[in-house]
Amino acid sequence: MMLRLLFIAALCLPTLVQAGSGPWERIDPARELLGESKPEVGVLALDLPAVTQDGSSVTLKVSLDRRRHSDTVIEALYLFTTGNPAPELAEFQFGPAAGPLDLETRIRLDRSQQVFALARTADDRWLAGVRDVRVTVSGCLVEGTGSLDDDFMLARVRGPSRFRADRPSEIRAMIRHPMETGFREDPQGQAIPRRIVKQLDVSLEGEQVLHARFHPAIAAHPYLRFHVAAGLEGDLELEWRESGGEKAESQISIP
Amino acid sequence: MSAQAMVMWGGLALGVVFGVLAQATAFCLTGGLREWWSKGQMRRIGGFALALAVAILATQILAVAGLVEPARSLYLQASFSWLLVPLGGVLFGYGMMLARGCGARALVLLGEGNLRSLVVLLCLGIAAHAAMGGVLAPVRVAVAEATTISFGTPPGLAEWLSSVGLAETLARLIPALLLGGLLILIALRIADFHRARAELIAVAAIGLVIAGGWFLTGHLAADDFDPAPLQSLSFVAPVGDAIQYLMLATGMRVDFGVAVVAGVLAGAFLAALLRGRLELRGFEKPGQLVRAMLGGVLMGVGGVLALGCSIGQGLSGLSTLALSSFLAAAGILLGARLTVHGPIKLAD
């Protein structure tokens, strides 16, 4: 019996030793962010499919357990991957009108790799979460290629289906844009220049909800689901900007 | 209910209905072809033809009503491999005759307690994933890239007719009525259905289940912010996905195909239970095991190359009037025919 317990303990050992360490120690931009601080691991929950057949659009959710961390305020969130041409996915700064961290977007993954998130709290702690994703060759489906079509920069936003003053309001926003990475070639072998949606600003009655910066690894037709703090009402304004200089605005009122 | 939950529960419900109907009518392309070619009995092949006719008519009516957009489906994508689609059909057709039933039939038989089908399904699912993203995938992708054919308009009968100037309603209804009507006439003539009106209704309802799949994924659960693929029933990749789900459930979500697979199994079990047809069956001779395994592997690989199986291309695909589906269906029939005729025919 004792022997078996020892054996189990030995199996668990590697994870114990590694507590606090993770891919953020190997990725330069993440190391620069963290500086000397060690992030707390396991507080930030990342939700990704374990296996995906379509690396061109993988749904990524980042959240905090609301019951255990109801008083943790996240000021900034940084999303990275370990195996794409560039490690950055997106960065978010949250303002006073932002709800608790519960965010969803779609990303591009080049191959099987790790995705991780770093979050800075209002009291200057760092939180981290990490997940492995396996990407296989695309199945039967041929990937639809995004182009600068008629709906280019068409921005849409939808508010909560049922407004409740005691709950954060769920907002879903999407904009049509091919998110051309700059890594692709056209049929003639010419490099297609990079053209991406660079940022999104969201405010409620003039008060900041979030400021997002996107990198080329955000999937075509960028999508974001986020929350506005409970009890807040009024006009929500979204402003998207892309690298070609175009701008798009949309707004809804809550409730 | 979220769009994803709706796809899941709707897929499960459609699967249960399909499972019950397919169990009650012994719905099977393989069995139909075998009885036709060896005994001259055409009742079951007539049933398949009738289901196909209803699927085509109902799907095209949904498209005319603007409720679904078939061009968004896998079958009408702008480019496919002119080699792999028919070749995959041939492999699939040969495999389904070897295994004495396609993937959908194997699920129904498993629901009845036939454990031979479990071997077929495991081989089919694993082979399908090997061809989609596993060891065979690099070869598949390389051959597919070398043999791709691209079209300006989605390659389908209705799309072509409307691109030469026919109004969309007519472009859909004319081929649907001609093809569907012809199939219904043939089915009613050859299948001798007057003695079994219930069977007639049941196989027609299978055609409606196909259209139900399009309606569910294309209209009911359509979500602007989460564009899920437009799909209907198919039993190659989803069988592999279901096996994968059993192993990786904590990191996966149930999609339409997996829900349908689970539903068919449950529906067939229920129907067999109520009709007193539950019986455990196994292999009697090692040769049967080899046939089941080889048939399963051929169906898995062939079904992925052909973008679908006897249901996926033979009913769902054909209901969109897509060129790739006609090619795949012709391949499936040819492959099946090769098992009774020619140099690689099977000893019975």
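Reported to the nearest whole Å, the Cα centre-to-centre distance from segment B:147-218 to segment A:191-255 is 44.
The orientation-averaged shadow of the Cα convex hull for segment B:1-128, equal to a quarter of the hull surface, comes to 10.3 nm². Per-residue packing, averaged as other Cβ atoms within 10 Å, sorts the ranges B:263-271, B:169-177 into the order B:263-271, B:169-177, beginning with the highest.
Placing a pseudo-label 7 Å from each Cα along the Cα-to-Cβ vector at B:Ala26 and B:Arg277 gives an inter-label distance of 0.8 nm.
Partners of A:Lys198 within straight-line reach, counting lysines whose Cα lies under 21 Å from its Cα and excluding those fewer than 8 residues away in the same chain: A:Lys61, A:Lys247. The residues A:Phe116, B:Phe151, when put in order of fewest to most other Cβ atoms within 10 Å, stand as B:Phe151, A:Phe116.
What spacing in nm lies between the two simple spin-label points modelled at A:Ile192 and A:Glu32, each 7 Å away from Cα in the Cβ direction? Inter-label distance under the simple model: 2.9 nm. Alpha-carbon geometry of chain A: the Rg and the Dmax are 19.8, 70 Å, given in that order. Think of each Lys and Arg Cβ as +1 and each Asp and Glu Cβ as -1; about the Cα centre, that makes the dipole of segment A:22-254 roughly 640 debye. Using every pair of distinct Cα positions in chain B, the Kirkwood expression returns a hydrodynamic radius of 20.0 angstrom.
Of all aspartates and glutamates in the structure, those lying under 18 Å Cα to Cα from B:Lys345, and not within fewer than 8 positions of it along the same chain, are B:Glu35. Volume per residue for the protein assembly as shown equals 202 cubic angstrom (convex hull of Cα atoms).
Read-outs throughout are calculated quantities, based only on the coordinates presented, and are distinct from any laboratory measurement. The structure displayed is predicted, hence computed values, not measured ones. Counting neighbours? That spans all protein chains shown, and the Cβs are built from the backbone with ideal geometry, glycine included.
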